[in-house]
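**Student:** Just dropping this structure here.
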Amino acid sequence: MSIPVIDPATLETVATVADHGPGEARQAVDTAAAAFRDWSRTAPRRRSEVLHKAFELMLRDRDELALLISRENGKSLADATGEVTYAAEFLRWFAEEAVRPGGEYGSAPAGGARTLVSHRPVGVAALITPWNFPAAMVTRKIGPAIAAGCTAVLKPAAETPLTAIAIVELLVEAGLPDGVVTVVTTSDPASVVGTWLDDPRVRKISFTGSTPIGRILLRQAAERVVNSSMELGGNAPFVVTADADVEAAVAGAMIAKFRNGGQACTAANRFYVHDAVYDTFVARFGAEVEKLTVGAAADGAAIGPLINEKALVRVRAAVEETIAEGARISHRAADGPQTGWFYPPTVLADVPATAAILQEEIFGPVAPIARWTDEEELLTLVNDTEYGLAAYVFAGDLRQAVRIGEAIDAGMVGINRGLVSDPSAPFGGVKQSGLGREGAREGLREFQETQYLSVDWGL
Ligand code: NAP
């Protein structure tokens, strides 16, 4: 059995991959469990060297990997190339963290005992990744897992398995021993991941994907109290204040909204622009949006297709519903080709604060813009969501920017910046956007357990 990998721009089959089931899922855990003893005892310096070498190999193959990402995901070559660089940086970051597993030595306050605290690899980890960043979501998990001394089984999204397979091949070329990471491709994710969560040898699940699937996996993980990290959906507000530099806000909005064609968990999902600059912002932002070219990456387009037909139908319906609720299309880019799941970048102006689109993850190149005047009312609207991943604030007065930023319930806030992702920063959400952090020192901790020895040396 095999699964076709479809180019969403041309609808051509790029390749096929094996369609695995519970039997192969169990075998992958056998392999990871067998490899754990040696890998967890491998010197941190050696683990670091493998990761560093893999970082160099990813940069060596950057163009090739970018083409692969564009073919299976559809994103522009510029976005794909940027993603490879970003993804490789997680390997470099965790190569540097691998040699700093941490630990503490303490004295019990009552005297007598000493406390030795260490951070040990959690064990076999199940890694589940989405299609929207086929490289970065993989290295953001594999990097810390390997650095910590864990072994892993990895299930990439069915739409984008090729990049994940290519990255694991590069890790093996860099010296990663056989069996430390095994990729399992499947058209039946529930049975593969269910098999892993049922297996007592699997001690960790690290999932990136939608909130509804995250909830299902958390329920399953509860059965065996499996250590869980969840990077889930977002509904990022993009706030522009009355004294913001409108040109800077427009530049930031183009990145926050249209990187990856809007298919990012951190994508600006709803714009709140102060009444004083609303018309200027809509006009300037709209003019930039109209310049965006829509088409296949191979043709040099800035915006690729949506991932599949279901996504296209969903985005189209969300726009129609918002218009029925009183909004208007103020600006729109030219249509893309007829073949492929293209949707033109669209600006929706005069969006009522009650519009459904402001509560849903759009995951497409659509920018709904609402108006605000009162900061308290703005913050109520901004926080009226189950999500809390990213947010953006553009303001001239930095004190106001920080005040608003600190009042937003989100794990990450870009202040006068349209991009928050950085391997050295703790990426993650609050509320139903997730549990735990990736990247930074925190990312390594997600793959470690803390143990202490309480030692009586008779001193
Ligand atoms: P998804 O449908 O939740 O899928 C994510 C992964 O889970 C895929 O590998 C998928 O496999 C697998 N999966 C689906 N159903 C499953 C089940 N019942 N049991 C076990 N695994 C299952 O999400 P998506 O559409 O790929 O990705 C978009 C979502 O990811 C958005 O909500 C976005 O915000 C979120 N995301 C979050 C972050 C973050 O860091 N917070 C980053 C990127 C994306 P199949 O491919 O086979 O369905």
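The values are calculated or read from the model by the stated rules, or taken from the named source; none is laboratory data. Since the model is a prediction, treat every value here as computed from it, not as a measurement. Cβ sites come from the backbone with ideal geometry, for glycine too, and all protein chains shown count toward neighbours. All accessible areas refer to the heavy atoms of the entire protein, side chains included, with ligands and DNA or RNA removed. Shrake-Rupley method; radii C 1.70, N 1.55, O 1.52, S 1.80 Å.
**Student:** Roughly how much of Glu406 is accessible, in Å² to the nearest 10, using a 1.4 Å probe?
**Tutor:** Using a 1.4 Å probe on the heavy atoms, I get roughly 150 Å².
**Student:** Could you put Thr354, Thr85 in order of accessible surface area, largest first, with the 1.4 Å probe and the full protein assembly present?
**Tutor:** Details: Thr354 125, Thr85 45 Å².
From most accessible down to least: Thr354, Thr85.
**Student:** Same structure, new question: List every residue whose amide H lies under 5 Å from the amide H of Ala152, counting only residues 5 or more places away in sequence or on a different chain, with H placed 1.01 Å from N in the peptide plane.
**Tutor:** Residues meeting the amide H criterion: Ala125, Val181, Thr182.
**Student:** Computed FRET efficiency, Cβ-Cβ of Asn383 and Ser191, R0 30 Å: what is it to the nearest 0.05?
**Tutor:** Values: r = 38 Å, r/R0 = 1.27.
FRET efficiency, Asn383 to Ser191: 0.20.
**Student:** Return the sequence-ordered ³J(HN,Hα) values of the range 331-337 in whole Hz as given by the Karplus equation 6.51 cos²θ - 1.76 cosθ + 1.60 applied to θ = phi - 60°, using x for Gly and Pro.
**Tutor:** Once θ is set to phi - 60°, the couplings for the range 331-337 become 8, 7, 6, 5, 4, x, x Hz.
**Student:** Points 7 angstrom from Cα along the Cβ direction at Asp198 and Arg100: gap in nanometres?
**Tutor:** Distance between label points: 4.2 nm.
**Student:** Can you show me the helix-derived [θ] at 222 nm for the chain, built from DSSP H runs with n ≥ 4 at -39,500 (n - 2.57) apiece and divided by the number of residues, rounded to the nearest 500. Numbers along the way, then the final one.
**Tutor:** Working: 14 runs with 188 residues, N = 459.
The per-residue figure over the chain is -13000 deg cm²/dmol.
**Student:** Then there's this: Please give every one of the lysines within straight-line cross-link reach of Lys310, meaning a C-alpha to C-alpha distance under 29 Å, and leave out same-chain neighbours fewer than 8 residues apart.
**Tutor:** Of all the lysines, those that pass the test against Lys310 - Cα under 29 Å, at least 8 places apart if same chain - are Lys75, Lys141, Lys155, Lys257, Lys291, Lys431.
**Student:** Given 20 Å bins starting at zero, what is the percent of C-alpha pairs of the chain in each, up to the one with the largest pair distance?
**Tutor:** In order of increasing distance, the bins hold 25, 54, 20, 2 percent.
**Student:** Karplus couplings for the range 411-419 from phi (6.51 cos²θ - 1.76 cosθ + 1.60, θ = phi - 60°), rounded to Hz, Gly and Pro as x?
**Tutor:** Per-residue couplings from phi come out as x, 9, 10, x, 9, 6, 9, x, 9 Hz.
**Student:** Nearest 20 debye, what's the magnitude of the dipole of the chain about its Cα centre given +1 on Lys and Arg Cβ and -1 on Asp and Glu Cβ? Walk me through the intermediate numbers first.
**Tutor:** Numbers: 42 positive and 58 negative charges, 281 e Å.
Dipole of the chain, to the nearest 20 debye: 1340 debye.
**Student:** Apply 1/(1 + (r/R0)^6) to the Cβ-Cβ distance of Gln451 and Glu290, taking R0 = 51 Å, and write down the FRET efficiency to the nearest 0.05.
**Tutor:** Details: r = 58 Å, r/R0 = 1.14.
Efficiency, from the Cβ-Cβ distance: 0.30.
**Student:** How much accessible surface does Lys53 have with a 1.4 Å probe, in Å² rounded to 10?
**Tutor:** 90
**Student:** Also: If you build the Cα gyration tensor of the range 319-383 and take the root of 5 times each eigenvalue, what three semi-axes come out, in whole angstrom, biggest first?
**Tutor:** So the three semi-axes of the range 319-383 are 26, 12, 10 Å.
**Student:** Test of understanding: what is the full-extension gain from Ser210 to Asp178, defined as 0.36 nm times their sequence separation minus their Cα-Cα distance? Walk me through the numbers on the way to the answer.
**Tutor:** Details: separation 32, 0.36 × 32 = 11.52 nm, distance 3.11 nm.
Length difference between fully extended and current span is 8.4 nm.
**Student:** Separate question: Suppose we keep just the alpha-carbon trace of the range 23-133; what are its Rg and Dmax in angstrom?
**Tutor:** Cα only, the range 23-133: 19.4, 63 Å (Rg, Dmax).
**Student:** Then there's this: Residue by residue through the range 437-444, which ³J(HN,Hα) values in whole Hz follow from phi under the Karplus form 6.51 cos²θ - 1.76 cosθ + 1.60 (θ = phi - 60°), with glycine and proline marked x?
**Tutor:** Karplus values, whole Hz, x for Gly and Pro: 9, 10, x, 6, 5, 4, x, 5.
**Student:** Can you tell me the Rg and the Dmax, both Å, for the Cα atoms in the range 289-402?
**Tutor:** Gyration radius and largest Cα-Cα distance of the range 289-402: 16.0, 49 Å.
**Student:** In nm, to one decimal, how far is the modelled label at Ile323 from the one at Thr10, with both set 7 Å along Cα→Cβ?
**Tutor:** It is 3.2 nm.
**Student:** Could you calculate the FRET efficiency of Ala34 with Glu169 from 1/(1 + (r/R0)^6), where r is the beta carbon distance between them and R0 is 25 Å, rounded to 0.05?
**Tutor:** After rounding, the FRET efficiency stands at 0.80.
**Student:** Then there is this: Taking only the C-alpha atoms, wrap a convex hull around the range 141-258 and report its volume per residue in Å³ as a whole number. Write down the numbers at each step before the final one.
**Tutor:** Values: hull volume 19.2 nm³, N = 118.
Each residue corresponds to 163 Å³ of Cα convex hull volume.
**Student:** Would you list Cys150, Cys265 from the most to the least accessible area, probe 1.4 Å?
**Tutor:** Values: Cys150 0, Cys265 25 Å².
The ranking, largest first, comes out as Cys265, Cys150.
**Student:** Given points 7 Å out from each Cα along the Cα-Cβ axis, report the Arg441 to Leu419 separation in nanometres with one decimal.
**Tutor:** 2.6
**Student:** Order Glu446, Glu83, most accessible first, counting only protein heavy atoms with a 1.4 angstrom probe. If you can, show how the numbers build up before the last one.
**Tutor:** Values: Glu446 35, Glu83 5 Å².
Highest to lowest solvent-accessible surface, that is Glu446, Glu83.
**Student:** If you roll a 1.4 Å probe over the heavy atoms of the protein chains, what accessible area per residue do you get for the range 129-275, in Å²? Mind dumping the intermediate values first?
**Tutor:** Values: 3960 Å² over 147 residues.
On a per-residue basis, the range 129-275 sits at 27 Å².
**Student:** Accessible area of Val117, 1.4 Å probe, to the nearest 10 Å²?
**Tutor:** Accessible area, nearest 10 Å²: 40 Å².
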